[in-house]
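Novice: Here's a structure for you.
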Amino acid sequence: MLTISSINSPNFSVESISKFQELLEQKHFIYLETEDPNFDWIQFGKLVTGDDLMLQYGKPIFHVKWEPEFLNFSDARGKKPLLPHTEATDYPSPPKYLALWCKKPSDYGDGLTTLAYVEGFLKTLTEVEKKRLMETQHYFGATGGVHASRTKGATHYILSFDGNKPIFRFSCNYITHGDYSPDPDNLQPFTPDPFLAEISDRFIEYYEQNHMAILMKQYSFLLWDNQCMAHSRTTYTDPTRELERIFLG
């Protein structure tokens, strides 16, 4: 069950920020519903994480909004559902945290953001499989399609650990389709790594059974740990839905 952390704008006192830091450490995400269109959600995210903004497409804020160019793609700006992934695997240093601010929710109650902590999935793997993921490097970069020149791509180990915390670099789109934003109805030929393709299929199955779904309300804020939580989004049909996204770390 999703617990709403607050229904009012939290203050920025040391005590308040400390409580949210503890919540983030325990749950790996924070969801706040406020009634304040002027809530400084970016500063709040920076204080809670202790990290600065990272650029996305050369800008600090990315607008997650319906764009006709992407309608048929598995993309944040398209209408198709997204497959589970950790964000920006094609970046040399992916963000530690993602934060979303809901300027305008869908009028139809769709476009849910979904999250799942990867530790549960790792427990379904054998020690041999986990060791192999820790030894496997994968190149995350589009081989073609609408995002072929999005970045230069990057190579990461699929799994590593920071103490007991798993760091998971994974994108079902990249691993199974070789593309950041494929068109699910017009997939291009691609031969994935057999082992990673099997892991991707199993991860999707696990994710479908174990994710939490969040329908963000207007002026709500969602922050999560991008190293140990995967996310996706259900399809949506309202072209006025608009979120703002930042990377932290």
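Novice: Report the label-to-label distance for ASN210 and ASP107 in nanometres (one decimal), using points 7 Å from each Cα along the Cα→Cβ vector.
Specialist: 3.9 nm
Novice: Follow-up. Pairing the Cα long axis of helix 14-27 with the longest principal axis of the chain, what angle in degrees results, from 0 to 90 and rounded to the nearest 10?
Specialist: In the chain, helix 14-27 runs at an angle near 30 degrees to the longest axis.
Novice: So if I place +1 on the C-beta of Lys and Arg and -1 on the C-beta of Asp and Glu, and nothing else carries charge, what would the dipole magnitude of segment 1-117 be about its Cα centre? I want it in debye, nearest 20.
Specialist: The dipole magnitude comes to about 220 debye.
Novice: What is the sum of charges, Lys and Arg at +1 and Asp and Glu at -1, for the other residues whose Cβ falls under 12 Å from the Cβ of LEU82?
Specialist: +2
Novice: May I pose another question? Would you give the gap between the C-alpha center of segment 159-180 and the C-alpha center of segment 192-236, rounded to a whole Å?
Specialist: Each part's Cα centre sits 11 Å from the other's.
Novice: Once label points are set 7 Å from the Cα along Cα→Cβ at both MET134 and THR234, what is their separation, rounded to one decimal in nm?
Specialist: Taking the simple label geometry, MET134 and THR234 are separated by 3.7 nm.
Novice: Classify segment 1-99 from the C-alpha gyration tensor, please: rounded if a/c falls under 1.5, else prolate or oblate depending on whether a/b exceeds b/c.
Specialist: prolate
Novice: Compute log10 of I(q)/I(0) for the chain with the Debye formula, placing one identical point scatterer on every Cα and leaving out solvent, at q = 0.11, 0.12, 0.15, 0.17 Å⁻¹, to two decimals.
Specialist: Normalising to I(0) and taking log10 leaves -0.57, -0.69, -1.10, -1.42.
Novice: Right, another one. With all protein chains present, how much of the accessible area of segment 26-80 (probe radius 1.4 Å) comes from carbon and sulfur, to the nearest whole percent?
Specialist: Heavy-atom surface of segment 26-80 belonging to carbon and sulfur, 1.4 Å probe: 49 percent.
Novice: Something else: Quick one: which of LYS65/LYS123; LYS65/LYS96; LYS27/LYS103 span more than 28 angstrom between C-alpha atoms?
Specialist: LYS65/LYS123
The values are calculated or read from the model by the stated rules, or taken from the named source; none is laboratory data. Since this is a predicted model, take the numbers as computed values, not measurements. Reconstructed Cβ throughout: ideal geometry from the backbone, glycine too, with neighbour counts over all protein chains shown. Side chains included, ligands, DNA and RNA excluded: accessible areas come from the protein's heavy atoms. Shrake-Rupley method; radii C 1.70, N 1.55, O 1.52, S 1.80 Å.
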